[in-house]
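Have a look at the structure that comes next, please.
The values are calculated or read from the model by the stated rules, or taken from the named source; none is laboratory data. Model, not experiment: these values are computed from the prediction. With ideal geometry, Cβ positions are generated from the backbone for all residues, glycine too; neighbour counts draw on all protein chains shown.
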């Protein structure tokens, strides 16, 4: 997943540690989680906000036979547990937790916290829409991934940043091969790009950056 | 769609109209749209933020054969056009538009604008997750809606707020009827509740508040 666009470069952890904001930090409780531990699940009724102090957290939706990753939270990111998703530590992780009421007070005094949350929510929403596109166009999504995996096997060239692939076909021609509309293929290629799986180099050449993920999609995961 | 929880009751339109914030209002451009007009579509590359001055706007994802409503924006709501969804005026609508840079300046001086955006994004995300659940559990979702529509026909009692329905079955028993797991039915019933389509009155009694929407779901829309 590509690093999201940052609306602010202010280090919120430094802000909270400064004497000026010590009174807010007092309201936070530090919690540690080992790698793979579940932090919060959608059934928790608590409405908390946390700031990632260190480590990495995966935000995801889980179903009986599949999971969808919505975002990866890193140090400095703010997240509300009210969101209907699971959060799991990807490595040993420390968070600073507070309740929504205290968080609102902090935003009122230090708006960068609000901007950070807008950032994280925007990222979650963007990835949710990508998941919806993939589900709506399920068959085409799978076949497009299959098509690309096969093309990589046939004529992919390993370069420093990934695998360079001369498609030799326009989006319209790929759509014809897959039996889909040009618009659908265009939306799905765009989603693969936004998810950091591939990059467009020129009209008919792409760079595959995450072949493993592409193989997973082609297998229906 | 139920009115979303408001993090703040501050009237942002009043704030912008006050002399203190006149310098920010100057940076906004007023735009009017007739009922049914499309404000922005996902292909617009512009990165703008707007505040709804009057009217109502539907935020939705559109596919060849279906649409998903993500949110209804009302006066005072803030929205970023960067979101990958369509926006359409549901009635004659006036918005105040500015670029992201100016909006960030406003948030820095008046954090309530950031909180409002957190609100709107949280609502969009919540509804996106509901749509993902519906797509993942497509068959069960449809059959559950069919089951409820049939039950309303058989033994629904019209009351002031909607149609009162004695299910006579627990979630586990409904799951058995539908050939699904109890957990899946529980998630979907919860989504119907969160979408304002029904309300739980007691363990085996529900209030159907939007029969039309339930019928649409049972028909695959």
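For the stretch B:30-49, how many residues meet the condition of being in contact with a helix residue (DSSP H, G or I) (Cβ under 9 Å, 6 or more places away or on another chain) and under 30 Å from residue B:213 (Cβ atoms)? Lay out the reasoning, then the answer.
Applying the first criterion (in contact with a helix residue (DSSP H, G or I) (Cβ under 9 Å, 6 or more places away or on another chain)) to the stretch B:30-49 yields B:42, B:47-49.
From what's left, under 30 Å from residue B:213 (Cβ atoms): B:42.
The total comes to 1.
Just checking, which of B:109, B:160 is over 16 Å from residue B:218 (Cα atoms) and within 14 Å of another protein chain (Cβ to nearest Cβ)?
On the way: B:160 fails: within 14 Å of another protein chain (Cβ to nearest Cβ).
Step by step, each of B:109, B:160 is checked, and only B:109 is over 16 Å from residue B:218 (Cα atoms) and within 14 Å of another protein chain (Cβ to nearest Cβ).
Let me ask something additional. Considering every residue within the stretch B:83-101, establish whether at least one is modelled with pLDDT under 85 and either touching a strand residue (DSSP E or B) at 6+ places or on another chain (Cβ under 9 Å) or more than 27 Å from residue A:130 (Cα to Cα) (or both).
We begin by selecting, within the stretch B:83-101, every residue modelled with pLDDT under 85; these are B:83-84.
Among the residues that remain, those that are also either touching a strand residue (DSSP E or B) at 6+ places or on another chain (Cβ under 9 Å) or more than 27 Å from residue A:130 (Cα to Cα) (or both) are: B:83-84.
For the stretch B:83-101, residues modelled with pLDDT under 85 and either touching a strand residue (DSSP E or B) at 6+ places or on another chain (Cβ under 9 Å) or more than 27 Å from residue A:130 (Cα to Cα) (or both): present.
Return yes or no: is residue B:27 more than 14 Å from every other protein chain (Cβ to nearest Cβ), outside any strand (DSSP E or B), surrounded by fewer than 16 Cβ atoms within 10 Å (Cβ to Cβ) and touching a helix residue (DSSP H, G or I) at 6+ places or on another chain (Cβ under 8 Å)?
Values: more than 14 Å from every other protein chain (Cβ to nearest Cβ): yes; outside any strand (DSSP E or B): yes; surrounded by fewer than 16 Cβ atoms within 10 Å (Cβ to Cβ): yes; touching a helix residue (DSSP H, G or I) at 6+ places or on another chain (Cβ under 8 Å): yes.
It is true that residue B:27 is more than 14 Å from every other protein chain (Cβ to nearest Cβ), outside any strand (DSSP E or B), surrounded by fewer than 16 Cβ atoms within 10 Å (Cβ to Cβ) and touching a helix residue (DSSP H, G or I) at 6+ places or on another chain (Cβ under 8 Å).
Let me ask you something else. State yes or no: is residue B:138 more than 8 Å from chain A (Cβ to nearest Cβ), within 23 Å of residue A:118 (Cβ to Cβ) and at pLDDT below 90? Write out each step before concluding.
Values: more than 8 Å from chain A (Cβ to nearest Cβ): yes; within 23 Å of residue A:118 (Cβ to Cβ): no; at pLDDT below 90: yes.
Criteria not met by residue B:138.
Right, something else. Suppose the filter is within 19 Å of residue A:26 (Cβ to Cβ) and touching a residue at least 60 places away in the same chain (Cβ under 8 Å); does residue A:94 pass it?
Yes; evaluated as a whole, the condition is true for this residue.
Run down B:190, B:133 and say which single residue is closer than 30 Å to residue B:60 by Cβ, within 14 Å of another protein chain (Cβ to nearest Cβ) and touching a residue at least 12 places away in the same chain (Cβ under 8 Å).
Working: B:190 fails: touching a residue at least 12 places away in the same chain (Cβ under 8 Å).
Going through B:190, B:133 in turn, the sole match is B:133.
Pairs please, first residue from the stretch A:103-117 and over 21 Å from residue B:102 (Cβ atoms), second anywhere and crowded, with 23+ Cβ neighbours inside 10 Å, Cβ atoms under 7 Å, 6+ apart in sequence or on different chains.
Short answer, once both residue conditions are applied: A:103/A:49; A:104/B:115; A:106/A:113.
State the number of residues belonging to the stretch A:64-75 that are crowded, with 20+ Cβ neighbours inside 10 Å and farther than 16 Å from residue B:128 by Cβ.
First pass over the stretch A:64-75, keeping only residues crowded, with 20+ Cβ neighbours inside 10 Å: A:68, A:70-71, A:73.
Still in the running and farther than 16 Å from residue B:128 by Cβ: A:73.
Going through the stretch A:64-75 one residue at a time, the tally reaches 1.
Okay, moving on. In this structure, is residue A:78 modelled with pLDDT of 85 or more, within 16 Å of the chain's Cα centre (by Cα) and closer than 28 Å to residue B:188 by Cβ? Don't jump to the end; show me each part of the working.
On the way: modelled with pLDDT of 85 or more: yes; within 16 Å of the chain's Cα centre (by Cα): yes; closer than 28 Å to residue B:188 by Cβ: no.
No, not satisfied.
Right, another one. With the stretch B:52-92 as the region, which strands (runs of 3 or more DSSP E) entirely inside it contain at least 3 residues that are more than 11 Å from chain A (Cβ to nearest Cβ)? Before the answer, list the steps.
On the way: elements: B:56-62, B:67-74, B:78-80, B:86-89.
By residue number, B:56-62, B:67-74, B:86-89.
What are the residues in the stretch A:86-106 that are buried (at least 24 other Cβ atoms within 10 Å of the Cβ) and closer than 26 Å to residue A:216 by Cα, if any?
A:87, the sole residue that qualifies.
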